[in-house]
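Comments concern the structure below.
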Amino acid sequence: MKEIPFTIASFDNFLKEKKLMASKCQQCSALWLPPRPICPTCKSHQMEWVELSGRGKLVAFTVIGVGPMPMIDAGYNRDNPYCAGIVEVEEGPRISAQILGVDVARPENIRIGTPLTADFVERGSWHFVDELAKMKKMYLAFRV
Amino acid sequence: VAEEIAKSFTDNPICIIGTGQASGHNLHDRDTLTSIPAAQFAAQQAYEMAEVEPQDIKIAEVHDCFTIAEVMAIADLGFFKEGKEAATAAGEGKTTRDGIKPINVSGGLKCKGHPVGATGAAQVVEIFQQMRGEAGQRQVMNMDINLALNHNIGAHGTTAVVQIFERR
């Protein structure tokens, strides 16, 4: 898969296929999520794509009542808040994502360490141009 | 501009004596969520270039894009210890206009506004006016502001710049 550039656009294309892909440094074995074309640890350009299991655990979270436009358009508001968190996948790296299946009405009951699996959610994106903002995009999420 | 050129504009120029810039990991890749390593690196560079210490700085404008951001900034810059000391500094009045270390006497981003690209320029304008005694009703009165600092971050702290200013 070397011909696919290690960019966010490629990462997004994989999400459309419901694949969670990271770049792995062939020199120092570090995994980067989202993918990086150059290893931030050893500066090597020798990367390869690896598909992750999608299993992980919650390491930080917050519950948001007033979100950005795509989340408002998706129906989230003060009465229907959503959870955003940082997930550590079992292969090691961390990534930010919406957390589904937690009790957003009672954030005090959401636990760090909760096991999660990758999920894929389609919604509009954020853009200055309304027409472009309406275009659907596949986002990574994690679900309990 | 160079000091001799600045003198052609004004008899009372403000000099940049230290500057630092650093970048860092995305939020989710950091070892900590309660400090911004890029801001710490940028501050260290600026302090070393200016040959001053955090306690020498009289006032500062910091990038308080969220409430927590000021708490983190004043710790990253070495003004207050990370944790309780930084978290309670504003509540205890230490960072008000007549406090020991006035922070964001402009009102800061959350109060005066955060027009992104113009935000950093507005911070520098505040520092410039304060150091020249031209800040009107916002003027810090009880100290001689010979040294001041400006702190700015981009995104969620993936990039940071710090400048130190001196009035000679």
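Computed quantities for the displayed model
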{"read-out": "Conditions (1) closer than 27 Å to B:T32 by Cβ; (2) surrounded by fewer than 13 Cβ atoms within 10 Å (Cβ to Cβ); (3) within 14 Å of chain B (Cβ to nearest Cβ): number failed by A:P115", "value": "(3)"}
{"read-out": "Where B:E70 falls short, out of the listed (1) part of a helix (DSSP H, G or I); (2) in contact with a helix residue (DSSP H, G or I) (Cβ under 8 Å, 6 or more places away or on another chain); (3) within 26 Å of B:R168 (Cβ to Cβ)", "value": "(3)"}
{"read-out": "Residue in the stretch B:3-44 that is surrounded by the fewest Cβ atoms within 10 Å (Cβ to Cβ), counting only those that are within 13 Å of another protein chain (Cβ to nearest Cβ) and either assigned to a loop (DSSP other than H, G, I, E, B) or basic (K, R) (or both)", "value": "B:D31"}
{"read-out": "Per-region count, the stretch A:92-106, residues farther than 13 Å from A:L140 by Cα and either within 9 Å of another protein chain (Cβ to nearest Cβ) or surrounded by 17 or more Cβ atoms within 10 Å (Cβ to Cβ) (or both)", "value": "3"}
{"read-out": "Residue satisfying condition, being among the aliphatic types (A, V, I, L, M), surrounded by 12 or more Cβ atoms within 10 Å (Cβ to Cβ) and under 23 Å from B:S23 (Cα atoms), within set A:A22, A:A9", "value": "A:A22"}
{"read-out": "Residue that is farthest from B:N142 (Cα to Cα) [pool: residues in the stretch B:89-112 that are assigned to a loop (DSSP other than H, G, I, E, B) and small (G, A, S)]", "value": "B:G91"}
{"read-out": "Failed item, numbered, when A:M71 is tested on (1) modelled with pLDDT of 95 or more; (2) more than 14 Å from every other protein chain (Cβ to nearest Cβ)", "value": "(1)"}
{"read-out": "Test: residue in the stretch A:11-20 that is more than 16 Å from the chain's Cα centre (by Cα) and more than 19 Å from A:E88 (Cβ to Cβ)", "value": "no"}
{"read-out": "Matching entry among B:A46, B:A39, B:A50 (being under 24 Å from B:K84 (Cβ atoms), in contact (Cβ under 8 Å) with a residue 12 or more places away in the chain and in contact with a strand residue (DSSP E or B) (Cβ under 6 Å, 6 or more places away or on another chain))", "value": "B:A39"}
{"read-out": "Residue match in the stretch A:74-82 (condition: away from chain B (no Cβ under 14 Å), over 15 Å from A:G56 (Cβ atoms) and touching a residue at least 40 places away in the same chain (Cβ under 8 Å))", "value": "yes"}
{"read-out": "Residue within the stretch A:45-67 that is in contact with a Gly (Cβ under 6 Å, 6 or more places away or on another chain), under 21 Å from A:K16 (Cβ atoms) and touching a residue at least 24 places away in the same chain (Cβ under 8 Å) present", "value": "no"}
{"read-out": "B:I145 out of contact with any Lys or Arg (no Cβ under 8 Å at 6 or more places or on another chain) and of a type in the set (A, V, I, L, M)", "value": "no"}
{"read-out": "B:D64 acidic (D, E) and within 14 Å of chain A (Cβ to nearest Cβ)", "value": "no"}
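The values are calculated or read from the model by the stated rules, or taken from the named source; none is laboratory data. Model, not experiment: these values are computed from the prediction. For neighbour counting, all protein chains shown are included, and Cβ atoms are generated from backbone atoms with ideal geometry for every residue, glycine included.
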